[in-house]
Amino acid sequence: MTMDTAIRDLVAAHGEPAVSIVCPLDRARPGNSHDRLELTGLRKEAVRRVRDAYGDDTAGLLDAQIANALDRFDFDHPSSGIAVFAGDAHAVAVPLTHLGEARVTVGERFSLREVLASKNDAGPFLVLVVTRDRARVFSGDAQHLTEIHSDGFPMDVVAPREADTPHRDFPLSEHEEHEAVRFVLRSVVHGLHEASRQTRLRSLVLVATTRELAYLDEFQLGDVTVIGRVHGSHIEAKAAEIAALVAPVVAAHNEARHVAACRAAREALGGSAIADLVAARDAARSGRGDHLVIEEVDPAAAAANGLDSIGDEIINEVIAHGGDVCFVAPGALGDAGPVVLTVRY
């Protein structure tokens, strides 16, 4: 199940109890027993709270659904955390790249903050590492990348040469050299399109020398959006080394997006934007919410300023009506925070 599909299904789900469990995982030790123990504790807390509020039968059903969701989760491949959502009809567990503290929420709606924040940042994404005659593609996020061994990758491409020419030992002319590089990169870009289609990933980081990057700028990448570039020849680097190279580039991309979102939200105040929590909730309920910028705060602070339950409702309503959500750092909205909702009318 893709992240978009999971979010769409969870937003559409209604009815009590809606149980949301968020648990950090140790990426360096995938599948370790400590993560399992912590997750078991959170699961028991969720079942206890459901039992107290809704009775033994409902608690037993939710416990069984959570167990089924965990059985289907891939603990052996590292992610920063896991989110488990269980309702009266089904349960699902999804990996997280963006994570706060472990928590359990029981209410009328699922709490999707961590899932949306994981989707909000540029990840997962593709990384294309290319030279004039080789190319490799990785998928993942800034913490963990996996090399793709399909769609022709890893790729070794040799530009065509005539078998016999009168001046075979002479260097290629500048025009011939350019065409040889373009031939190679055409094959690489074709394979990249297939990898993007298969993985459903549209964000891309390019890793190449300045020369190859300039050539790549000549090609149409279709639905793929380049979110960053790393200059240099790193074709032999390991996946972990590539992840370390692209991490600051992706972080800068995310930061620039967040700064732009906050600036646009503040500029819209007094016109098409609302900063009051209750007014924002009412607008979201009526389907007017177009773009929500919301500050990330710890659970205690969220409960203190009313951002926990009402914030979750605003988030869900905005997504349900086709809007989008951007999570930013605490204080990023200044005096306008902790939420600014831009409305359609």
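Readers should treat all values here as calculations from the given coordinates under stated rules, not as data from a laboratory. Just so it is clear, the model here is predicted, and its values are computed rather than measured. Cβ atoms come from the backbone with ideal geometry, glycine included; neighbour counts cover every protein chain shown.
With the simple model of a label 7 Å out from the Cα in the direction of the Cβ, Ala239 to Asp133 spans 2.7 nm.
Geometric descriptor of region 1-120, per residue, is 91 Å³ (volume of the convex hull of the Cα atoms). Charge dipole (Cα centre; +1 on Lys/Arg Cβ, -1 on Asp/Glu Cβ; no other charges) of region 1-120 amounts to roughly 260 debye.
Based on the Stokes-Einstein relation at 37 °C and a viscosity of 0.692 mPa s, and on the Kirkwood radius from alpha carbon pairs, the chain is assigned a translational diffusion coefficient of 146 µm²/s.
Note on Glu296, Glu194, Glu317: ascending count of other Cβ atoms within 10 Å places them as Glu194, Glu296, Glu317, the fewest first. Shape analysis of region 269-345 based on the Cα gyration tensor places the equivalent ellipsoid semi-axes at 18, 13, 10 Å, largest first.
Placing +1 on each Lys and Arg Cβ and -1 on each Asp and Glu Cβ, with no other charges, gives the chain a dipole about its Cα centre of roughly 160 debye. Compared with the dominant principal axis of the Cα atoms in the chain, helix 239-268 is inclined by about 60°.
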